[in-house]
Amino acid sequence: MADEDRSAAETTAVGTNQAPPQPASDPHFRRTVGFTVAGTIIPGLGLLAARRRIAGGIVLAVFLGVIVVVAGWAISDPQGLAALAVRPSILNALAVILVVTAIIWVGIVIATHLALRTTPSKPQRIAGGILVGVLAFAVAAPMAVAARYSYDSASLMSTLFKSDKETKSATKPSAWEKPSDQPSADPWAKKPRLNILLLGGDAGKGRTGTRTDTVIVASIDTKTGDTTLISLPRNTGRMPFPKNSPLHERWPNGFTDGNGDNAEYFLNSMYDNVPQQVPHDILGETDNLGADVMKLSVGEATGLKIDYYVLINLAGFEKMINALGGITVNINTYIPIGGNTDLGIPPDDYLKPGPKQHLKGREALWYARGRYGSDDFARMDRQRCVINAIIKQANPANMLARYEEIAKAGKQIVKTDIPQEVLPLMVDLSLRVKDGNVRSVVFKHGVDGFSSPHPDFALMRKRVKDALSETKNEKPSSGSTKKSTKSPKPSSSGGSGKSQASEDIADSCAYQPSVAATAQPAR
């Protein structure tokens, strides 16, 4: 009877041209699982193992071809590849391509598994289904994230950066001043220095328009990435204009009504007040006359040609810091949160002294702007530390992990005249900046001959020139390929060495235990 049953089972199997079901642990199923995984990692490999040679060969050839082309492009022309990452039309197209690729890839995973298996048992079907589901998710999830990043990038690029033809600026660099957009060993070879005006716009309660209480020039050596941050006090008076500018004809003695203490003629009021007193096209066609005014005037005061500006709305600053995951700074004194010295309103709280303090958005904002019981110059010192902290925090891994939040925050708080065409080069330059030294110059009333109401602009230009030469002349320490981050602090006295026009920001923003130990909150 047993022989008859076995004969009937064999006859049935032969009649249906199928092999008897196998247990889930048999060698053939293990081979199916192995090549399904391998065919997911290297599409086409599993199909070849299943003897689908034509389909497998085509899929594998396309997969390897794309890898070779992209890798070769990245090695031979990284600038050209980066250019695609900042073009909205390309980014939107890439988002669609990634979704389609994900669908095709998942289809290949399913087809590979079906081609490899023969007559699976029920446990094998269940195990195979789970395996395919996991592999499909492993393929589709990263593609979906990448497609979302691509879409967000396109939206960000379109919102923040216009094309060079669409950008209307009376002060944008002329064609010969721009960095080369042609592939070369160094795209910045013809542009040794890039100067960007960083403005912090603080609307504040009781204010109309934008007051740029933060004015910093980031002067970047495009060869080394070494950067000098030049901070100007918000209450600087008599800001000059170039002699060939129509603004100089109107204010030949600088932006002033004759009274150097009139706040409506301070540096921080120029962004709003100058456009209200002159024709909008006085400098030519522009989208932002206030920014053009600031670029011309700050450039004249420092002796630098300002290429572009970036305006950050401090009201949304904390959103950007939160998007970055916070910043880490050293705190040497009690820094007020809230409060108003003039009105006698005490702070709500204080940031306490300590090394490597990790600050979220609200705390970072008050670290940058708090000045109860202090002055603007202490705030300027901290602001350059914030910029340095952001440079460190905005590393590629962190930017990738938090890109969506950063993109959303950026659209809300940033204005700039940097055109889309320059962005690929900015990516290249940003990597140099991260590896370069950062020094700073802070003009303070009563220090080194600087007077806020009556600035000596010739003396300012000389100090800026000297500071840039200090950054340029910094050499790696003996026996090391890394540049030294320690330099003498500026001093107006002779001392043991030559006076420095700038400070190493790593020293300026370092933790000072002796200072922190004696610090007391302002009351």
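The values are calculated or read from the model by the stated rules, or taken from the named source; none is laboratory data. Small disclaimer: the values here were computed from a predicted structure and weren't measured. All Cβ positions, even for glycine, are placed from backbone atoms using ideal geometry, and neighbour counts span all protein chains on display. These area figures cover heavy atoms from the full protein model, side chains too; ligands, DNA and RNA do not enter into them. Shrake-Rupley method; radii C 1.70, N 1.55, O 1.52, S 1.80 Å.
Residue pairs, Cβ under 9 Å, 6 or more apart or interchain, first in segment 19-48 and open to solvent by 60 Å² or more (accessible area, probe 1.4 Å) and modelled with pLDDT of 90 or more, second of a type outside the set (S, T, N, Q) and outside any helix (DSSP H, G or I). List them.
PHE35/ALA50
Where residues in segment 432-441 are of a type in the set (A, V, I, L, M, F, W, C) and open to solvent by 10 Å² or more (accessible area, probe 1.4 Å), which of them is modelled with the lowest pLDDT?
Of segment 432-441, the ones of a type in the set (A, V, I, L, M, F, W, C) are 433, 438, 441.
Imposing the further condition that a residue be open to solvent by 10 Å² or more (accessible area, probe 1.4 Å) reduces the set to 433, 438.
Details: VAL433: 82, VAL438: 85.
Taking the candidates together, the pick is VAL433.
Can you work out which of the residues in segment 445-461 that are among the hydrophobic types (A, V, I, L, M, F, W, C) and part of a helix (DSSP H, G or I) is surrounded by the fewest Cβ atoms within 10 Å (Cβ to Cβ)?
Among residues in segment 445-461 that are among the hydrophobic types (A, V, I, L, M, F, W, C) and part of a helix (DSSP H, G or I), the one surrounded by the fewest Cβ atoms within 10 Å (Cβ to Cβ) is ALA458.
With respect to THR256, is the statement that it is under 29 Å from ILE391 (Cα atoms) and of a type in the set (Ser, Thr, Tyr) true?
Criteria not met by THR256.
Across segment 500-519, what is the number of residues that are surrounded by 14 or more Cβ atoms within 10 Å (Cβ to Cβ) and of a type in the set (Ser, Thr, Tyr)?
3
Every residue, every condition in (1) without any contact (Cβ under 8 Å) to a residue 60 or more places away in the chain; (2) touching a Pro at 6+ places or on another chain (Cβ under 8 Å); (3) farther than 14 Å from VAL298 by Cα, yes or no:
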| residue | (1), (2), (3) |
| --- | --- |
| ASP226 | no, no, yes |
| PRO246 | yes, no, yes |
| ASP261 | no, yes, yes |
| SER269 | yes, no, no |
| HIS280 | yes, no, yes |
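Restricting attention to segment 409-429, and to residues there that are open to solvent by less than 50 Å² (accessible area, probe 1.4 Å) and among the polar types (S, T, N, Q), which single residue is nearest to MET294 (Cα to Cα)? Before the answer, list the steps.
Looking only at segment 409-429, we keep the residues that are open to solvent by less than 50 Å² (accessible area, probe 1.4 Å), and these are 409-410, 413-414, 416-420, 422-426, 429.
The next check asks that each one be among the polar types (S, T, N, Q); those that pass are 416, 420.
Values: THR416: 13, GLN420: 22 Å.
Top of the filtered list is THR416.
If I filter segment 387-395 for residues that are farther than 21 Å from GLY225 by Cβ and touching a Ser or Thr at 6+ places or on another chain (Cβ under 9 Å), do I get at least one hit? Working first, answer last.
As a first pass, look at segment 387-395 and keep what is farther than 21 Å from GLY225 by Cβ: none.
No, because not a single residue in segment 387-395 is farther than 21 Å from GLY225 by Cβ and touching a Ser or Thr at 6+ places or on another chain (Cβ under 9 Å).
Looking only at segment 314-344, count every residue that is under 16 Å from the mean Cα position of the chain (by Cα) and either part of a strand (DSSP E or B) or charged (D, E, K, R) (or both) and tell me the total.
3
Do you know which residues across segment 305-344 are at pLDDT 90 or above, open to solvent by 60 Å² or more (accessible area, probe 1.4 Å) and acidic (Asp, Glu)?
The answer is none; no residue qualifies.
Do we have any residue at all in segment 350-359 that's outside any loop (DSSP other than H, G, I, E, B), among the hydroxyl-bearing types (Ser, Thr, Tyr), open to solvent by 10 Å² or more (accessible area, probe 1.4 Å) and touching a residue at least 12 places away in the same chain (Cβ under 8 Å)? Walk me through how you get there before you give the answer.
We begin by selecting, within segment 350-359, every residue outside any loop (DSSP other than H, G, I, E, B); these are 350-351, 354-359.
Remaining after also requiring among the hydroxyl-bearing types (Ser, Thr, Tyr): 350.
Right, trim to open to solvent by 10 Å² or more (accessible area, probe 1.4 Å) and you get 350.
Those left that are additionally touching a residue at least 12 places away in the same chain (Cβ under 8 Å): 350.
The answer is yes; a qualifying residue exists.
Considering every residue within segment 166-177, establish whether at least one is crowded, with 19+ Cβ neighbours inside 10 Å, outside any loop (DSSP other than H, G, I, E, B), touching a Lys or Arg at 6+ places or on another chain (Cβ under 7 Å) and modelled with pLDDT of 80 or more.
no
Restricting to segment 53-90, what's the tally of residues that are at pLDDT below 85 and either surrounded by 14 or more Cβ atoms within 10 Å (Cβ to Cβ) or closer than 30 Å to LEU116 by Cα (or both)?
Going through segment 53-90 one residue at a time, the tally reaches 11.
Just one of (1) open to solvent by less than 40 Å² (accessible area, probe 1.4 Å); (2) under 28 Å from the mean Cα position of the chain (by Cα) trips up VAL278, so point out which.
(2)
From TYR308, TYR372, TYR367, grab the single residue that is over 27 Å from LEU423 (Cβ atoms) and under 27 Å from the mean Cα position of the chain (by Cα). Step through it out loud before you land on a result.
Details: TYR308 fails: over 27 Å from LEU423 (Cβ atoms); TYR372 fails: under 27 Å from the mean Cα position of the chain (by Cα).
Residue meeting the stated conditions: TYR367.
Over 35 Å from the mean Cα position of the chain (by Cα) and open to solvent by 10 Å² or more (accessible area, probe 1.4 Å) - does that describe any residue in segment 281-296?
No, that holds for no residue.
For segment 462-478, check the following and say yes or no: at least one residue is at pLDDT below 90, among the charged types (D, E, K, R), open to solvent by less than 70 Å² (accessible area, probe 1.4 Å) and closer than 26 Å to GLN357 by Cβ.
We begin by selecting, within segment 462-478, every residue at pLDDT below 90; these are 469-478.
If we keep only those that are among the charged types (D, E, K, R) as well, we get 470, 472, 474-475.
Of the ones still in play, those that are also open to solvent by less than 70 Å² (accessible area, probe 1.4 Å) are 470, 474.
Restricting the remaining residues to those that are closer than 26 Å to GLN357 by Cβ gives none.
No, segment 462-478 has no match at all.
Looking at segment 417-434 only, could you name the residues that are out of contact with any Asp or Glu (no Cβ under 9 Å at 6 or more places or on another chain) and within 15 Å of SER153 (Cα to Cα)?
Hits for segment 417-434 are LEU423, VAL427.
Within segment 91-121, track down each residue that is touching a residue at least 12 places away in the same chain (Cβ under 8 Å), more than 30 Å from LEU156 (Cβ to Cβ) and either open to solvent by 70 Å² or more (accessible area, probe 1.4 Å) or not in a helix (DSSP H, G or I) (or both).
Across segment 91-121, the qualifying residues are ILE110, ARG117, THR118, THR119, PRO120, SER121.
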